[in-house]
Amino acid sequence: MVSFRADVLNLLRGLARGGLLSPVQAWCTQSGQTRVVEHDGNGWVGCGQGHRHWGRHGAAGLLLLDQRLEGELWVLLQHRAEWTANGGTWGLPGGAKDSHESPVEAALRESFEEAGIRPAAVRVFDELVDDHGGWRYTTVLADLVAQVDLIAQAESQELRWVQAWAIEELPLHPGFARTWPRLRQRVRSRQ
Ligand SMILES: [Zn+2]
């Protein structure tokens, strides 16, 4: 059951991630609650390519594939809320990796928090690292192996299954736009 308090915490954490509220402010707002600051990866950091990224220890996202629908390859995309970084673009569920997490653990945790995807419904088969020099984004590639009820949290306008061929027609998050051709290659080479 998702409680009202959990919703509020999710919203605060989302605001912090979007740069609208620092994690410390979020924590102070929720004085006595430690859930918001348990994510020690939260924070902005620069990379060797001159970008600014969310995730002090890097970040990870989930490329979730479903090939059961009409025999086509479908990918789960997140339409990012307007107030987030790169708001309004389409990308993958994911976010900052904590220091104690593997990229797979981070991607699965974020996917559950942001989209309600249970780890048990996912079978990971590959990882792809986008190394910016001093900062890395790991895309975790996985198959959907069980029914999931998608739950869009505050950071998502929408969660949608999109056919692979149609992805490039959407306004994509710049990070996802950069890695999608390599990801598609990985997926194709497996088939
Ligand atoms: Zn970068």
*Applying the selection to the stretch 125-144, what residues are among the aromatic types (Phe, Trp, Tyr) and surrounded by 16 or more Cβ atoms within 10 Å (Cβ to Cβ)?*
TRP135, TYR137
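For the stretch 51-67, check the following and say yes or no: at least one residue is surrounded by fewer than 18 Cβ atoms within 10 Å (Cβ to Cβ), within 16 Å of the ligand (Cβ to nearest atom) and not aliphatic (A, V, I, L, M). Walk me through how you get there before you give the answer.
Of the residues in the stretch 51-67, the ones surrounded by fewer than 18 Cβ atoms within 10 Å (Cβ to Cβ) are 51-52, 66-67.
With within 16 Å of the ligand (Cβ to nearest atom) added as a condition, the list becomes 51-52.
Cutting the leftovers down to not aliphatic (A, V, I, L, M) gives us 51-52.
Yes, the conditions are met somewhere in the stretch 51-67.
Please pick out the residue among ARG178, ARG118, ARG136 that is charged (D, E, K, R) and either more than 16 Å from the ligand (Cβ to nearest atom) or touching a Leu at 6+ places or on another chain (Cβ under 8 Å) (or both). Walk me through how you get there before you give the answer.
Values: ARG178 fails: either more than 16 Å from the ligand (Cβ to nearest atom) or touching a Leu at 6+ places or on another chain (Cβ under 8 Å) (or both); ARG136 fails: either more than 16 Å from the ligand (Cβ to nearest atom) or touching a Leu at 6+ places or on another chain (Cβ under 8 Å) (or both).
Of ARG178, ARG118, ARG136, the one residue that is charged (D, E, K, R) and either more than 16 Å from the ligand (Cβ to nearest atom) or touching a Leu at 6+ places or on another chain (Cβ under 8 Å) (or both) is ARG118.
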*asked:* Can you list residue pairs whose Cβ atoms sit under 8 Å apart, with the first residue in the stretch 39-50 being more than 16 Å from the ligand (Cβ to nearest atom) and the second being among the small types (Gly, Ala, Ser)? Count only pairs 6 or more apart in sequence or on different chains.
replied: HIS39/ALA96; ASP40/SER99; ASN42/ALA16; ASN42/GLY55; ASN42/ALA96
_Any residue that is part of a strand (DSSP E or B), assigned by TED's automatic domain parsing to the domain that holds GLU113 and in contact (Cβ under 8 Å) with a residue 40 or more places away in the chain - is there at least one of those in the stretch 129-136?_
yes
*Restricting attention to the stretch 103-111, does a residue exist that is assigned to a loop (DSSP other than H, G, I, E, B) and β-branched (Val, Ile, Thr)?*
no
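Taking the stretch 157-174 as the region of interest, how many residues are within 15 Å of GLY87 (Cβ to Cβ) and either loosely packed, with under 12 Cβ neighbours inside 10 Å or in contact with a Ser or Thr (Cβ under 9 Å, 6 or more places away or on another chain) (or both)?
Adding up the residues that qualify gives 5.
State whether the residues of the stretch 118-127 include one that is part of a loop (DSSP other than H, G, I, E, B) and touching a Gly at 6+ places or on another chain (Cβ under 9 Å). Steps first, please.
Filtering the stretch 118-127 for residues part of a loop (DSSP other than H, G, I, E, B) gives 118.
Then keep just the ones that are touching a Gly at 6+ places or on another chain (Cβ under 9 Å); that gives none.
No, the stretch 118-127 contains no residue that is part of a loop (DSSP other than H, G, I, E, B) and touching a Gly at 6+ places or on another chain (Cβ under 9 Å).
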*asked:* Can you pull out every residue in the stretch 66-100 that is at pLDDT 95 or above, part of a loop (DSSP other than H, G, I, E, B), within 16 Å of VAL122 (Cβ to Cβ) and not aliphatic (A, V, I, L, M)?
replied: PRO93
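The values are calculated or read from the model by the stated rules, or taken from the named source; none is laboratory data. Predicted, not measured: the structure shown is a model, and the values here were computed from it. Here Cβ is always computed from backbone atoms with ideal geometry, including for glycine, and neighbour counts include all displayed protein chains.
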